[in-house]
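The values are calculated or read from the model by the stated rules, or taken from the named source; none is laboratory data. The shown structure was predicted, so the numbers you read here are calculated from the model rather than taken from an experiment. Cβ atoms come from the backbone with ideal geometry, glycine included; neighbour counts cover every protein chain shown.
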Amino acid sequence: MGLSAVTVLGVDRPGVIAAVTGALAGCGANIQDSTMTLLGGHVAMMLLVNGELSADELTKHLTAPDLVVTAAAVAARRDFRRRENGLGYVLTVHGPDRPGIISGISTVLAADGGNITGMSTRLTGRLYVLIADVELPEKVDVADLMRRLAAVGAGLDSEITFRPVEPDLL
Amino acid sequence: MTGSGAPGAQTSAVTGTARPVLPAPHPVLSSPAEEVDPTAPAVVSAAADLLATLRREPATGLSAPQIGLSWRLIAFDARSHPRTRSWAGELVVVNPRLAEAARWDSGREGCASVADLTADVRRATHITVRGRLPGSGEPVTIEADAFEARCIQHQLDHLDGILFLDRVSGALSLHRRLHRCGG
């Protein structure tokens with residue numbers, strides 16, 4: 001049994017998900033974690049697939065004229081859960097679209113050991129929006145980090161908010 | 001609602017003109033708005049324009065910054081929204097202030113200034129808002145719940161230069177509006 005990371009990219013149309021998941025089921029592959037979204041009219045899927053077939057064989061089974069498919073063998077990670085001492089934050093950036101927004105913001109976060117665990121960006125008209133889930137080490141000076149994020153935001157003519165994740169345990 | 005009679009359409013002798021709604025990004029939408037005199041003729045005129053704009057837009061609420069005025073005015077009419085329970089009427093409130101907020105819940109919302117995007121935002125579902133009515137300057141208190149409460153808080157945020165995007169609960173809570181509402 002091997003684990004493969006599969007990516008599927010194609011023009012959005014009804015039936016893409018059915019075709020991909022049907023092909024996987026047909027060759028005995030089991031979908032573990034997966035995510036799918038639309039990126040500018042393109043369907044984008046990422047899947048972790050467990051099965052007997054190699055990554056190359058999976059690619060052959062999934063190939064379709066209007067889809068770009070890649071598959072690669074990956075090692076199973078059993079320690080992927082949230083680090084117990086990490087602190088969760090949500091980052092919002094919005095402002096005029098320009099190159100370098102994600103790079104500028106993520107560089108500041110990385111300098112403090114911040115880990116982006118989820119991110120969505122959307123462009124609508126002139127407005128560029130970035131929402132990111134960020135995990136920070138406990139030792140980080142959050143006030144200082146927010147000052148540096150604000151400085152980067154000002155340089156990009158963008159508004160930035162950075163706030164703790166609200167507790168969700170009942 | 002107290003201080004100005006029963007809920008319903010707010011009567012106004014001033015006829016407003018619908019203005020364009022500013023799309024984000026725009027400096028006025030990112031700046032705190034100023035308190036104003038609710039009896040000043042220019043404010044009464046702006047209130048009428050805000051109401052005229054709201055009536056034209058497919059929205060349940062608007063704020064003065066969205067029509068380019070950095071003044072503390074909001075207009076709302078949540079009557080037609082399916083998630084509405086309380087309904088204070090079609091109302092313009094000057095210098096509104098959130099007095100009480102309780103029972104927080106997450107819900108989907110969008111904005112007339114942010115086309116094509118919606119997001120899940122956590123807001124109070126029971127609120128009390130106090131302000132003044134344009135023209136008379138009479139005090140008004142609004143008790144709102146459900147979607148009307150969400151709409152009013154969204155407009156109050158605009159007066160502080162805050163967009164709903166600044167309150168999104170996580171990366172997967174941002175959505176592109178791809179279709180019209182069903183039903």
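Annotations
- Within the set A:ARG98, A:ARG13, the sole residue that is over 25 Å from A:VAL165 (Cα atoms), assigned by TED's automatic domain parsing to the domain that holds A:SER120 and either assigned to a loop (DSSP other than H, G, I, E, B) or touching a helix residue (DSSP H, G or I) at 6+ places or on another chain (Cβ under 7 Å) (or both) turns out to be A:ARG98.
- Some residue of segment B:149-160 being away from chain A (no Cβ under 14 Å) and in a strand (DSSP E or B): no
- Where B:ALA124 falls short, out of the listed (1) over 14 Å from the mean Cα position of the chain (by Cα); (2) free of Cβ contacts under 8 Å to residues at least 60 places away in the same chain; (3) surrounded by fewer than 18 Cβ atoms within 10 Å (Cβ to Cβ): (3)
- Filter pass, B:THR84 being at pLDDT below 95, in contact with a helix residue (DSSP H, G or I) (Cβ under 9 Å, 6 or more places away or on another chain) and buried (at least 16 other Cβ atoms within 10 Å of the Cβ): yes
- Just one of the listed residues (B:LEU172, B:LEU178) is surrounded by fewer than 21 Cβ atoms within 10 Å (Cβ to Cβ), out of contact with any Leu (no Cβ under 9 Å at 6 or more places or on another chain), within 14 Å of chain A (Cβ to nearest Cβ) and not in a strand (DSSP E or B), and it is B:LEU172.
- Every test in (1) within 14 Å of chain A (Cβ to nearest Cβ); (2) farther than 17 Å from B:GLU35 by Cβ; (3) modelled with pLDDT of 95 or more; (4) touching a helix residue (DSSP H, G or I) at 6+ places or on another chain (Cβ under 9 Å) is passed by B:HIS126 save one, and that test is (1).
Residue-by-condition table, conditions (1) over 30 Å from A:LEU130 (Cα atoms); (2) among the charged types (D, E, K, R); (3) free of Cβ contacts under 8 Å to residues at least 60 places away in the same chain; (4) surrounded by fewer than 21 Cβ atoms within 10 Å (Cβ to Cβ):
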{"site": "B:VAL129", "(1), (2), (3), (4)": "yes, no, yes, no"}
{"site": "B:GLY135", "(1), (2), (3), (4)": "yes, no, no, no"}
{"site": "B:PRO139", "(1), (2), (3), (4)": "yes, no, no, yes"}
{"site": "B:HIS154", "(1), (2), (3), (4)": "no, no, no, no"}
{"site": "B:ASP157", "(1), (2), (3), (4)": "no, yes, yes, yes"}
{"site": "B:ASP160", "(1), (2), (3), (4)": "no, yes, no, yes"}
{"site": "B:LEU163", "(1), (2), (3), (4)": "no, no, no, no"}
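- When A:ASP112 is tested against (1) more than 13 Å from chain B (Cβ to nearest Cβ); (2) within 22 Å of the chain's Cα centre (by Cα); (3) closer than 11 Å to A:LEU91 by Cβ, just one condition goes unmet, and that condition is (3).
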